[in-house]
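The values are calculated or read from the model by the stated rules, or taken from the named source; none is laboratory data. These figures come from a predicted structure and were not determined experimentally. Every residue, glycine among them, receives a Cβ derived from its backbone with ideal geometry; neighbour counts consider all protein chains shown. For the accessible areas, the whole protein counts, side chains as well, though only heavy atoms, and no ligand, DNA or RNA atoms are used. Shrake-Rupley method; radii C 1.70, N 1.55, O 1.52, S 1.80 Å.
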Amino acid sequence: MDQGIPALERIQAATPKSDYRSDIDGLRTIAVLSVLAFHVGFPAFAGGFLGVDVFFVISGYLISKKIMDSVQRGDFTLLDFWAGRYRRLFPALATTLLASLMSAYFILPPDYLSQFGASAAAAVPGFSNFYFWNVSGYFDTQAITKPALHTWSLGVEEQFYYVWPIIFAPLIRRRGSYAGFLAIVGVGIMSLVGSGWFLKFGSSVSSDPASAVFYLLPFRAYELALGASILWTERLRPKARLVQEALIVIGLGAVAISIFLPTEQSWLPALLPCAGTALLILVGQGPSLTKLYDNPPSVWIGKISYSIYLVHWPIIVFSTYLFDNDSVVFKATVFLASIALASALYYCVERPIHKGRSILPKNYQFFAAMLPAAALIAIVGTNAWTSHGWLWRYEPQIAGLLDPANMDLGLPPVPYRCFLSQTDPWTVMDKRCYIPTTDGKPKIIMVGDSTAASLYPGLKAALGDSADLYLWSGSACVPALDVPMPYRPNCPLSNDQFFRHTIIDNNYDLVVLSAHGGYPELKKGFPAVKAILNARGIPFVLLGDLPTYSDIPLGIVARHAKIAGLDDVMAANLPDGCKEEHGLNELVATSEFFSTKAVFCRDGRAAYRDGIHLFQKDWFHLTQAGALYLGRLLKPKIQAMLSGHQP
């Protein structure tokens, strides 16, 4: 009946005239409270991180609708669109970053502050997702040390704002066609298929494909495209109330299942909450069940959801660093404090500027008005980064220990690709990591988890030209056979390949085995490893646990902040002391075991520094200084085993 009506006009005719939809603010509430509860640490919200994906679907819908409406009115310009988005996002972001930088000056140690400065500077133009992707990896510092980590999602959205109107607006100007819809479908399919392909096969081109899929816009575009596609499906919204109520149940159920019952091993777990969110947006207002989230308290939370998202993570990072309290009362306090501080940010900064109730210009001149704030954040952040986290805050000896530059002695890092992430198959490992050369030198290979990879540079330097050192290592992959490891699915395959194939195909003079944790798997699966090595007549040595601290040594040193009494403080932070081997020494003969704690410790205290160089970068992984220290102590044991004379 309406075949003569151009496609765009038919869509507009089926779309409610009111721009504001309180139900979408209700969906924002579900998204932001899920994220907040997950980050605070409420265990029921195990999939709360998927709230970010709910936000992406909402943004895809609202931003595409904003562009479409403006094009329909004939007043769309790129500069006005970008200025509107900048006015909406930047003032509250700038306020949060500046307040966080000031807080970090008093709270964070240099290494964390340096990284925060770099990420804050990257967040100003909307590229912090690239920064976090670039530094991601197994040996990256923990998320809880990064106050600006949550800005990665703002980077994805801002890049969407940069690119999407350039593509979308010209297409929907072609009245009478579905060019815009076809573009959305095409972008969504390419993004979704590309995400799945890269997760499965990306190891051949990326050392951490999962991080790329997590942080980068091309792999998130399907979520935004799903939201945008609703503009073409709104006219298909069912009229029957019973059907609408049923769709609300399905949509809410999909989101709730994702948040409360996530599946870690599922492929692209965001698909379910994204589909549920799209269904809820499609149904819209009206059904009685929407009152579950479309009600005054929920709508209010939704209105301040952006401010909640901005402030919650810095509050969590700073409070965790200061208090390290895991009680329910502490978590609830942080939860409520985030909402309280967010409401202040909303009413004092976000709302007045966004609604034009300030002296700031309303058009694209707003960019110029915000330039001083943007420049200040970029300059301060860059200075914190390049100055290694404002080391001048500490006395010289402490500053030397905390200087990130002193974590590295300039030793060659792990060569090629000899360390596998938890998702990497063993086939991506460079053959030069494990296939010996024929230069006549003894061939030693280190096998194990990340502790093997962290020791490698120091041991290689200690051995020098006396032997060739090779490496076969993987994240949390302890050397054990025929033991299930459900959260490390590629580890059993990697171990099987090395101990049942690679070790037969190559001639090694000594195997150095290293692992931290995984004690049940080692006790069950190491005897099979030992039997294979003995059958092949290959000498081996199993390294014991490294001294393990209750906190990251950098944090312990920074909190104490003075050399006087530091030895006592470090010793007090060794919960396992210097003798606990967790049964590793019982797996092998005395001559086949090397106690790292025994060589690190004297009189119940572990060596933790050499001048201005700390020996451990976190609870147990070695810095290059620590690796060289241990490598020199391990070298006599290795030489004795190679010569056949045990010490």
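Based on what the data block shows, is Ser305 under 22 Å from the mean Cα position of the chain (by Cα), open to solvent by less than 20 Å² (accessible area, probe 1.4 Å) and on the phi < 0 side of the Ramachandran plot?
Here the answer is yes, as Ser305 does meet what is asked.
Would you confirm whether any residue within the stretch 402-409 is touching a residue at least 40 places away in the same chain (Cβ under 8 Å), open to solvent by 40 Å² or more (accessible area, probe 1.4 Å) and not in a helix (DSSP H, G or I)?
Yes: one or more hits.
Tell me, which residue of the stretch 410-438 that is assigned to a loop (DSSP other than H, G, I, E, B) and charged (D, E, K, R) is nearest to the chain's Cα centre (by Cα)?
In this case the residue turns out to be Asp424.
Residues in the stretch 506-531 that are small (Gly, Ala, Ser) and either within 29 Å of the chain's Cα centre (by Cα) or not in a helix (DSSP H, G or I) (or both): Ser514, Ala515, Gly517, Gly518. Select from the stretch 500-531 the residues that are of a type in the set (Phe, Trp, Tyr) and within 22 Å of His582 (Cβ to Cβ) and write down the one among them that is surrounded by the fewest Cβ atoms within 10 Å (Cβ to Cβ). Restricting to residues being of a type in the set (Phe, Trp, Tyr) and within 22 Å of His582 (Cβ to Cβ), the top hit is Tyr519. For the stretch 453-492, the candidate set comprises residues that are of a type in the set (S, T, N, Q) and within 24 Å of Leu584 (Cα to Cα); within that set, the residue that is most open to solvent (accessible area, probe 1.4 Å) is Asn490.
Taking the listed residues Leu310, Leu261, Leu271, Leu280, the one that is more than 30 Å from Thr95 (Cβ to Cβ) and buried (at least 21 other Cβ atoms within 10 Å of the Cβ) is Leu280, with no other qualifying. Scanning the stretch 627-645 for any residue that is part of a helix (DSSP H, G or I) and β-branched (Val, Ile, Thr) turns up at least one such residue.
Tell me whether the stretch 508-528 contains one or more residues that are acidic (Asp, Glu) and touching a Ser or Thr at 6+ places or on another chain (Cβ under 8 Å). There is no residue in the stretch 508-528 that is acidic (Asp, Glu) and touching a Ser or Thr at 6+ places or on another chain (Cβ under 8 Å).
Restricting to the stretch 176-198, name every residue that is within 24 Å of Asn129 (Cα to Cα) and surrounded by 18 or more Cβ atoms within 10 Å (Cβ to Cβ). Ile184, Val187, Gly188, Ser191, Leu192, Ser195, Phe198, listed by residue number. Between Ile353, Ile445, Ile398, Ile377, the distinction of being touching a Phe, Trp or Tyr at 6+ places or on another chain (Cβ under 6 Å), open to solvent by less than 30 Å² (accessible area, probe 1.4 Å) and β-branched (Val, Ile, Thr) belongs to Ile445 only.
Apart from one condition, His388 fits all of (1) over 24 Å from Pro297 (Cα atoms); (2) part of a helix (DSSP H, G or I); (3) out of contact with any strand residue (DSSP E or B) (no Cβ under 6 Å at 6 or more places or on another chain); the exception is (2).
When the stretch 433-463 is limited to residues that are in contact with a Lys or Arg (Cβ under 9 Å, 6 or more places away or on another chain) and not aliphatic (A, V, I, L, M), the one that is farthest from Ser643 (Cα to Cα) turns out to be Ser454. In the set (1) touching a residue at least 12 places away in the same chain (Cβ under 8 Å); (2) farther than 16 Å from Leu216 by Cα; (3) open to solvent by 20 Å² or more (accessible area, probe 1.4 Å), the condition left unmet by Pro170 is number (1). Residue count for the stretch 1-44 satisfying the condition of being at pLDDT below 50 and either of a type in the set (Asp, Glu) or open to solvent by 50 Å² or more (accessible area, probe 1.4 Å) (or both): 9. Listed by first and then second residue, the pairs linking a residue in the stretch 481-495 that is in contact (Cβ under 8 Å) with a residue 24 or more places away in the chain and more than 20 Å from Ile532 (Cα to Cα) to a residue that is in a loop (DSSP other than H, G, I, E, B) and of a type in the set (Ser, Thr, Tyr), with Cβ atoms under 8 Å apart and 6 or more places separating them unless they lie on different chains, are Arg488/Ser475; Asn490/Thr423.
For the stretch 200-216, the candidate set comprises residues that are among the aliphatic types (A, V, I, L, M) and open to solvent by 30 Å² or more (accessible area, probe 1.4 Å); within that set, the residue that is nearest to the chain's Cα centre (by Cα) is Ala210.
Can you work out which of the residues in the stretch 45-75 that are open to solvent by 10 Å² or more (accessible area, probe 1.4 Å) and outside any helix (DSSP H, G or I) is farthest from Pro170 (Cα to Cα)? By that ranking, first place goes to Ala46.
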